[in-house]
1. Between Asn209 and Val100, how many nm apart are label points set 7 Å from Cα along the C-beta direction?
2. Which of the pairs Lys137/Lys379; Lys116/Lys138; Lys115/Lys390 have their Cα atoms more than 25 Å apart in this structure?
3. Between the stretch 293-346 and the stretch 24-85, how far is it from one alpha carbon centroid to the other, in angstrom?
4. Might you tell me the accessible area per residue for the stretch 28-404, computed with a 1.4 Å probe and given in Å²?
5. With the chain treated as a Gaussian network of Cα nodes joined by springs under 10 Å, which of Ser139, Ser68, Ser392 yields the largest mean-square fluctuation?
6. With every protein chain present, what accessible area does Asp130 have (1.4 Å probe, heavy atoms only), rounded to the nearest 10 Å²?
7. Please sort by residue number the trypsin sites (Lys or Arg not before Pro) in the stretch 18-57 whose DSSP state is loop and whose Cβ has at most 16 other Cβ atoms within 10 Å.
8. Grab the other residues whose beta carbon is less than 10 angstrom from that of Ser392, score K and R as +1, D and E as -1, and report the net.
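The values are calculated or read from the model by the stated rules, or taken from the named source; none is laboratory data. Fair warning: this is a prediction, and the values are worked out from it, not measured in the lab. We place every Cβ from the backbone using ideal geometry, glycine too, and count neighbours over all the protein chains shown. Side chains included, ligands, DNA and RNA excluded: accessible areas come from the protein's heavy atoms. Shrake-Rupley method; radii C 1.70, N 1.55, O 1.52, S 1.80 Å.
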Amino acid sequence: MTQPAPAPAPAPAFVYDRPKDAPLGPSPLLVALRDEKPVTRVSVWNGKLESWLVTRWEEAREVLGSPSLSTNPNHAGFPAVREGVRQRERGFFQMYDPPVHTAMRRTLTREFMVKKMDALRPAVARITTDLLDDLTKKSGPVDYVEHFALPLPSLVICALLGVPYEHHEFFQENSKPFVDLTATAEQVTEAYARLSAFLKELLAAKRANPGDDVVTRLGEQVDAGDITEQEAADLGALLLFAGHETTANMIALSTVTLLENPEQIPRLFGTPEELANAVEELLRYISVLHGGLRRVATEDLTIGDVTIRAGEGVIVPLSVVNRDPALFTDPDQLALDRSNARQHLAFGYGIHQCLGQPLARAELQIVLPEVFRRMPELKLAAPLDEITFKASSMVYGVQELPVTW
Ligand code: HEM
């Protein structure tokens, strides 16, 4: 008599916690899945939904570049970070497919052109100097996140958008629910509504009193009939949130990583090309947006040797993709002179690739050498295992970073 086939083992829960004893390393579960089966099944939302997980660089790039996959969370199979996430307004255009996505992204592309970013560099350098002047006047230990890593990108994005910095606590607080995995869908919706209302008020103020900033120019696009006022407010809110959260965590974690690999710090002081490469390697090594990029198939497609059916979700966890040994030699070693560091996918790939990447790169290239030039004796004021890392956040980081110099 033939035995019934055993029921397939339930898909493991998608967990991307970094190891406690190696907090800069990738999740051991994800590494094991990558090595065993690069396109496999995982579950999210306490087992309520299954999704595909793609953990190798080659296949990850294929997924992110595929027109058969959507970022629209309204599809039932979309493996959103939390249950109940829906598209909100067009301003949160990351959640839309073409042609809406294309039109919304186009309203902002010229704001991030290389020329604009080059023009912003002196302002970033000035903000860095001012913050370091204040920091070095204090007597340590000082929280590097509170006094440097968080205010720096917040001040920069305020300058770019034309947001008065006095509102920083408001927008920093209302950005947290987007990345905090313990926040409910309602908390996210409410935070978004508050940010968007704030931007609407600012748009009105800028139309009465224009400046040389992004919010003023969004107001002009409203006046020209290109976008609605709501869309302009939502675009501004997205930039305000996206513009400081990731970069702040990247500044703090890059500093920890360099302090853990002090022999590589001199590489920050090489040629501009060597510095740029060092920053790419830090982006690869840290993969700060570590919660996984999420997609849903709108038609059947094949990735690797697996057919993904229309309606099924896909998660791409960048922290293991960027350490794929098939592409990066000794992937768990930091090597600021790595020749192919630029091939990382830390800013994503395809049509949703990070819009703010020229700004993030400029900030990191200016900030990191300056920190170690001004504070050559910089060190952690607590052992690494006593630092609290952000375990339940889409964006990896540290809660606080006590330092002395
Ligand atoms: C180190 C810092 C940063 C990292 C690692 C990062 C990472 C990413 C990644 C991986 C995506 C793609 C998401 C996906 O495909 O689902 C993305 C999209 C995006 N990022 Fe960034 N980001 C950073 C800084 C910034 C900054 C400074 C801004 C704005 C000022 C920004 C604005 C955006 C926007 C608007 C999108 C959506 C693009 C689209 O859907 O077309 N990011 N970012």
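1. Using points 7 Å along Cα→Cβ, the separation is 3.5 nm.
2. Pairs exceeding the cut-off: Lys116/Lys138; Lys115/Lys390.
3. The stretch 293-346 and the stretch 24-85 have Cα centres spaced 10 Å from each other.
4. Details: 15770 Å² over 377 residues.
Ligands and nucleic acids excluded, the result is 42 Å² per residue.
5. Of Ser139, Ser68, Ser392, the Gaussian network model singles out Ser139 as fluctuating most.
6. Here the accessible area works out near 80 Å².
7. Details: sites: Lys20, Arg34, Arg41, Lys48, Arg56; in loops: Lys20, Lys48, Arg56.
Hits after loop and neighbour filter: Lys20, Lys48.
8. Working: positive: Lys390; negative: Asp17, Asp180.
For residues surrounding Ser392, the net value is -1.
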